[in-house]
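The values are calculated or read from the model by the stated rules, or taken from the named source; none is laboratory data. On a predicted model such as this, the values are computed, not experimentally measured, just so you know. Glycine also receives a Cβ, built like all others from the backbone with ideal geometry; neighbour counts cover every protein chain displayed. Areas reflect the complete protein model, heavy atoms only, side chains present, ligands, DNA and RNA absent. Shrake-Rupley method; radii C 1.70, N 1.55, O 1.52, S 1.80 Å.
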Amino acid sequence: MRKILAFICILALVSAVFAGCGGVPKVEINSLDDLEGKTIGVQLGTTGDIFAEDVEGATIERFNKGPDAVLALRQGKIDAVIIDDQPAKVFVSQNDDIMILEQPFEIESYAICISKENPGLTADFNRAIAELKAEGTLQAILDYWIGGLEGSAPYQSPSGVVRDKGTLIMATNAEFPPYEFIEGNQVIGIDPDFARAICDKLGYDLRIDDMEFASIITAVQSGRADFGAAGMTVTEERLENIDFTDSYITATQVVIIRK
């Protein structure tokens, strides 16, 4: 009888620990300071990966894909995920057991990476980016993918575009909605739309090559791709190996935690 009662008490204790979190122990994270000593998930090679190194005493778990890090969080294998705010909003909207910490982790600017051996292409891209900003095309793309404004639509190439300069290959990692993700058999999102608009301006066809995020800079350096666009932040470390265009969007790194 005593053994039975003891067993019941143990079950009650376990239930109390796991209650309200899908069988996953609740780890209290209410501020960035609470990340100290925790296990943090990041996507390999991203700025989230870089920034997480600054968290004192943290254990960093690296994943090839952002969704894999979020799944590990939901399963209780890690305590938090550091990632861009727009993908974070998508993941949270799809899973009611996670949330975004109110305090932002880091503010950053995204740009397109191009080989140091191709400064002419960087200059051409900067000219096209400036024009697309000035005429409102970039904002229209953002309004559709992020703002969700009524009447907004995906980018459509203007009629009469001449693409007589060949094809540019864009390296990306299509695991980062709404910047880039796969729908059907196509890579869609902010970066594909913006890259297409740039190529239209410059007279190129566009081909998109989906790969691991950590492989993008190497692909551009080696010439396997002409440029990389994947919600990529300009950092001093990256600038040692690659050039970047002017920034086209300001983003925020945030922390996803379990509720």
Express in Å², to the nearest 10, the accessible area of I60 obtained by rolling a 1.4 Å probe over the protein heavy atoms while all chains stay in place.
30
For K165, which aspartates and glutamates qualify as cross-link partners when the Cα separation must be under 16 Å and same-chain residues fewer than eight apart are set aside?
D124, D200, D205, D226
Where does the charge balance sit around A128 when Lys and Arg score +1, Asp and Glu -1, over other residues with C-beta under 9 Å from its C-beta?
-1
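Answer rounded, prolate or oblate for segment 121-188, using the Cα gyration tensor with square roots of eigenvalues a ≥ b ≥ c: rounded when a/c is under 1.5, else prolate when a/b is larger than b/c, else oblate. If you can, show how the numbers build up before the last one.
Numbers: a/c = 1.60, a/b = 1.17, b/c = 1.37.
The shape class here is oblate.
Can you compute the FRET efficiency between T59 and I146 using 1/(1 + (r/R0)^6), with r the Cβ-Cβ distance and R0 = 41 Å? Round to the nearest 0.05.
Numbers: r = 32 Å, r/R0 = 0.79.
So the FRET efficiency works out to roughly 0.80.
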Three-way shape label, segment 199-248, alpha-carbon gyration tensor, a/c 1.5
oblate
Simple spin-label estimate for E117/V27, 7 Å along Cα→Cβ, in nm, reads 4.3
What lysines does K133 reach when the alpha-carbon gap must be under 20 Å and sequence neighbours fewer than 8 apart in one chain are set aside?
K201
If you take the square roots of the eigenvalues of the alpha-carbon gyration tensor of the chain and sort them as a ≥ b ≥ c, do you get rounded (a/c under 1.5), prolate (a/b over b/c) or oblate?
prolate
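Just in segment 49-105: which GluC sites (Glu not before Pro) are loop by DSSP and have at most 13 other Cβ atoms within 10 Å? Numbers along the way, then the final one.
On the way: sites: E53, E56, E61, E102; in loops: E53, E56, E102.
Sparse-neighbourhood loop GluC sites (Glu not before Pro): E53, E56, E102.
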Would you mind putting 229-239, 143-153 in packing order, based on average other-beta-carbon counts within 10 Å, highest first?
229-239, 143-153
Each label point is 7 Å from the Cα along the Cα-to-Cβ direction; what then is the distance between the points at I107 and V161, in nm?
3.3
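Counting only protein heavy atoms and a 1.4 Å probe, tell me what percentage of segment 70-189's accessible area is made up of carbon and sulfur. Intermediate values should be presented prior to the final figure.
Values: 2920 of 6040 Å².
That fraction is 48 percent.
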For D210, what charge total do you get from the other residues with a beta carbon under 10 Å from its beta carbon, if Lys and Arg give +1 and Asp and Glu give -1?
-4
Over segment 52-149, give the accessible area per residue in Å² for a 1.4 Å probe, as an integer.
49
